[in-house]
Amino acid sequence: MTASGTAAPKRVTRRRAQTRQRLLDAALEVFAEEGFGRSTVDQVCERAGYTRGAFYSNFTSLDELFLAMWEQRSAAMLDDLRGALDRLGTLESVSADEALRAVLDAVPIDDAWYRVTAEFTAHALRNPSLRRVMAAREEAIHDTLLPLVEAALARAGRRVTDRTGLGHALVAVHDGTAVQCLMEPDNEDVWRRREELYRHVVNAYSTACSTPEDQQQ
């Protein structure tokens with residue numbers, strides 16, 4: 001016990017980390033194939049090659065496992081976005097379209113992940129406590145993501161005028177166009193319209209900077 005009366009966090013060994021990751025990887029496959037609502041702990045354990053004991057030493061439920069998976073993938077997406085923006089920073093000049101494409105490339109559309117998140121979102125909507133957890137985590141991701149988007153637009157000479165509105169609009173466009181792109185992955189018009197919608201959103205919630213001082217505001 002610590003001085004505050006709470007248990008000290010467990011040290012994560014390499015073996016424990018590997019077990020946890022194999023469970024996460026197996027769960028994504030099971031959820032995508034079977035559907036979150038029809039998946040079981042036993043199915044995840046069988047796919048990962050572990051016992052139920054291994055599962056419950058890492059997660060208390062499939063809900064907790066999914067949230068850990070979501071947090072991991074969100075962190076990876078943010079790292080990819082930072083990397084894309086770092087590459088933009090090495091360019092002498094950047095256009096708004098180049099900044100937009102850098103952001104879009106860092107937020108790919110993944111078939112399996114979309115199916116899993118869509119089903120889990122429906123599950124969370126039926127559970128108020130879980131819905132609040134998801135909303136809080138989504139907000140935390142937005143708080144991290146939006147400064148990166150603002151930095152990309154600033155490099156392209158645009159200043160965001162409504163951060164909250166931009167964040168909500170970007171999520172709405174991503175979620176709405178993801179379905180269309182997954183349904184018709186080879187339809188170039190669908191992907192082109194997706195990029196155009198993003199461009200309209202960016203233009204609606206930002207303004208061109210006329211001076212260097214504008215870009216710093």
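Please list V41, V179 from largest to smallest accessible area, probe radius 1.4 Å, with all protein chains kept in place.
Details: V41 20, V179 50 Å².
Sorted by accessible area, descending: V179, V41.
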Legend entry - Heavy-atom accessible area per residue - region 121-175, 1.4 Å, Å²: 54
Inset, instruction - Can you tell me how much longer the chain between M77 and A122 gets when fully stretched, taken as 0.36 nm per residue apart minus their C-alpha distance, in nm with one decimal? - result: 13.9 nm
Legend entry - Within region 31-134, GluC sites (Glu not before Pro) in DSSP loop having at most 12 other beta-carbon neighbours inside 10 Å: E92
Legend entry - Label of the coordinate-derived value, percent of Cα pairs over 27 Å apart, listed as (1) 34; (2) 31; (3) 45: (3)
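For region 35-82, what does the equivalent ellipsoid look like in terms of its semi-axes, each the square root of 5 times an eigenvalue of the Cα gyration tensor, given largest first in whole Å? It would help to have the intermediate numbers written out before the result.
On the way: eigenvalues 119, 27, 19 Å².
Taking √(5λ) for each Cα gyration eigenvalue gives 24, 12, 10 Å.
When the chain is fully extended, how far beyond the present Cα-Cα distance does D105 get from L148, taking 0.36 nm per residue of separation?
Working: separation 43, 0.36 × 43 = 15.48 nm, distance 1.39 nm.
Separation in residues times 0.36 nm, less the Cα-Cα distance, equals 14.1 nm.
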Legend entry - Dipole in debye (nearest 20) - the chain, about Cα centre, beta carbon charges: Lys, Arg +1; Asp, Glu -1: 1080
Inset, instruction - Starting from 0 in steps of 10 Å, tell me what percent of the Cα-Cα pairs of region 109-217 lands in each bin. - result: 13, 34, 33, 16, 3
Legend entry - Where only C-alpha atoms are counted, convex hull volume of region 54-157 per residue in Å³: 112
Inset, instruction - Kindly state, to the nearest 0.05, the FRET efficiency for T40 paired with L182, given R0 = 30 Å and r defined as their beta-carbon distance. - result: 0.70
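The values are calculated or read from the model by the stated rules, or taken from the named source; none is laboratory data. Given the structure is predicted, the values throughout are model-derived calculations rather than measurements. FYI the Cβ positions are ideal-geometry reconstructions off the backbone, even for glycines, and counts take in every protein chain you see. Surface accessibility is based on the protein's heavy atoms, side chains included, excluding ligands, DNA and RNA. Shrake-Rupley method; radii C 1.70, N 1.55, O 1.52, S 1.80 Å.
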